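One structure is given here, and the rest of the page talks about it.
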Amino acid sequence: MRAIETFPNLVTMFFVRAQEKGDAPFLWRKSGGQWQSQSWAEVARQVAALAAALKAQGLKPGDPVMLVSENRPEFCIADLAIMAAGCVTVPTYTTNTTRDHQHILTDSGARAVIVSTAKLAQALMPAVVRSQASFVIGMEPLRGAQGTCVCHVWSDLIAAHASDPAAAVDAVAAGQSAARNDQACIIYTSGTGGAPRGVMQHHGAILANVEGAAKVVAEDFGWGDEVFLSFLPLSHAYEHSGGQFLPMLLAGQIYYAEGLEKLASNIEEARPTIMVVVPRLFEVLRTRIIKSIEKQGKFPTYLLAQALRIAAREQAGRGSILDLPMKTLLARTLVPKIRARFGGRMKALVSGGAPLNPDVGLFFHAMGLTLLQGYGQTEAGPVISCNRPRAGIAMDTVGPPLDGVEVKIAEDGEILVRGELVMHGYWRNPVETEKVLRDGWLHTGDIGEIDAKGRIRITDRKKDLIVNDKGDNVSPQKVEGMLTLQPEIGQAMVYGDRRPHLVGLIVPDAEWTRDWAIGQGVALDSVDTNPAYQAALRAAVDRVNDDLSVIERVRRFILADEPFGIENEEMTPSMKIRRHVLRKRYAERLDALYKG
């Protein structure tokens, strides 16, 4: 097995890999209907040139540089160039409003901004002109966006500062670049409960993460020619470490997905070996696959039921030799078709960013796909632990800690973490830093336990717990996860702090609603007030209630006015619901459910 190297910083890791790989393909994008690649050598040349350009514009070591871009090769190049210039990357979400940009620009003190398109610059530039940033670089021309700000064109800067990557490597070797303990980036948390805070991630935090993750790949799956499909926002720590720097360490290739609507076809085309995704996407894929199978008739539906039955028995340690004929039939019929949808060479799908419902994990296991649930926080690089086959995959756990990560459970059940992966603190926020970093331990805010095999099991989130009027604790994520597994329900939030019972806010599944309306001969725009429609949703909630304790059951519910989304600020860019926003919007109607 190839050894997992250690590096002094992320820039060195990249340049070493670029020297090894040369003209081999590295970054892929789809253009004109065709996938086109940039080689390691070409990317290295652009990184060196852009780093030289940033220095020529007067940036000094330690200066923050804001990066606003969708997932594309230039994001990776810009990120590395900023660090190669000795500066600190501040990646931000493309969905940010002008107010969001203003907060991050002011809080970070960014000295420059790199933005991908004129469209994204529309929300960004009003904030830039009121900030301390001295110039903006557009990956594409920013026509009409200049105003009073100095704007440069990406291609012009790179052409004017052509540099030999070998010189950049020499500069790193001469100690002109960062050490593992030096700051690499400021990643702003997506703010499920308020204004984002800047997490100071140092080079060692990300390197420790990718080294631990690479060891899982090497030991459990075999380190080969790895291909990643980048889909989650690169401004999110999970994709930043797992979808960009992990492929770099593994000398892999990165394909940049075209977006959610084309993700399924991109997976089949790129044929990734590893993919990091959030649970919500797995829930959507599961629903689509089940519907597709059910439409094929009774026999495929029967096979699906048998696959799930066998998978559940195996997960419970009750696998039987009597299942072998059925498993053979499944391996010849259902499973190959499902695996083909994922490109046919997927080693592992890795779920992170939010809790994964065990039933979703069980489904993908039944379909012959290895789904690993990970656990972490932006404050920890972000990966703390990950399920791995050699430790035994249990769908209700998030696996053992990565190498070099210490985890212990505090007296109140809170999960504490220590190691190189832990952040140095929140940028310019010592008060909040002192709340979570105490005696060298990161206080995660999550409640959990460690099983006999050393795997972490998350049981609750301290801040998200609902405490009813009798003092009982309820985990809303558990209930919401069960609700959204019902075909009738697309999204859900439960409510009931200091109340006698839970009530719910529900977004019906759009596809199910359309099919129901057609089947009932009802106009789609009038279904919300239709008693039969309400009864069908009530039946779905009752099915979930049958599997819940008395204090967890959802007694009544209302329908949301629209789906929870990033655009209406009801979800974070990593697809977690913003409870405080939803509670504020629907508080009056939710409170009314407790009357009469």
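If you scan the range 570-594, which residues turn out to be farther than 20 Å from Asp497 by Cβ and touching a residue at least 60 places away in the same chain (Cβ under 8 Å)? Answer for the range 570-594, where residues must be farther than 20 Å from Asp497 by Cβ and touching a residue at least 60 places away in the same chain (Cβ under 8 Å): Thr572, Pro573, Ser574, Met575. Does the range 45-73 hold any residues that are in a helix (DSSP H, G or I), under 27 Å from the mean Cα position of the chain (by Cα) and crowded, with 24+ Cβ neighbours inside 10 Å, and which are they? Val47, the sole residue that qualifies. Looking only at residues of the range 382-401 that are more than 19 Å from the chain's Cα centre (by Cα) and not in a loop (DSSP other than H, G, I, E, B), we find that the one that is farthest from Pro358 (Cα to Cα) is Arg390. When the range 518-538 is filtered for residues that are among the aliphatic types (A, V, I, L, M) and in contact (Cβ under 8 Å) with a residue 12 or more places away in the chain, the ones remaining, listed by number, are Val527, Ala532, Ala536, Leu537. Just one residue in the set His443, His424 is in the same structural domain as Leu285 (by TED's automatic domain parsing), in contact with a His (Cβ under 8 Å, 6 or more places away or on another chain) and either under 20 Å from Gly198 (Cβ atoms) or among the aromatic types (Phe, Trp, Tyr) (or both); that residue is His424. With a requirement of 2 or more residues that are over 31 Å from the mean Cα position of the chain (by Cα) and not acidic (Asp, Glu), the helices (runs of 4 or more DSSP H) lying completely within the range 472-564 that satisfy it span 510-520, 531-545.
Restricting attention to the range 139-168 and to residues that are more than 14 Å from Ile77 (Cβ to Cβ) and surrounded by 20 or more Cβ atoms within 10 Å (Cβ to Cβ), the residue that is modelled with the highest pLDDT turns out to be Leu142.
On the basis of being at pLDDT 95 or above and more than 27 Å from the chain's Cα centre (by Cα), does Leu80 make the cut? In short, no.
If only residues of the range 430-455 that are over 25 Å from the mean Cα position of the chain (by Cα) and of a type outside the set (Lys, Arg) are counted, the one that is nearest to Ala179 (Cα to Cα) is Gly440. Sub-8 Å Cβ pairs linking a first residue in the range 64-80 that is over 20 Å from Ser131 (Cβ atoms) to a second residue that is among the basic types (Lys, Arg) and surrounded by fewer than 24 Cβ atoms within 10 Å (Cβ to Cβ), at least 6 apart or interchain, are Arg72/Arg29; Pro73/Arg29, ordered by first then second residue. Summed over the range 430-471, the residues that are of a type in the set (A, V, I, L, M) and assigned to a loop (DSSP other than H, G, I, E, B) give a count of 2. For the range 394-424, a residue qualifies if it is of a type in the set (A, V, I, L, M) and surrounded by fewer than 17 Cβ atoms within 10 Å (Cβ to Cβ), and the qualifying residues are Ile409, Ala410. If you go through the range 169-205 and keep only what is of a type in the set (A, V, I, L, M, F, W, C) and either modelled with pLDDT of 90 or more or part of a loop (DSSP other than H, G, I, E, B) (or both), you end up with Ala174, Ala178, Ala179, Ala184, Cys185, Ile186, Ile187, Ala195, Val199, Met200, Ala205.
The values are calculated or read from the model by the stated rules, or taken from the named source; none is laboratory data. Predicted, not measured: the structure shown is a model, and the values here were computed from it. Quick reminder, even Gly has a Cβ in these numbers, built from the backbone with ideal geometry, and neighbours come from all protein chains shown.
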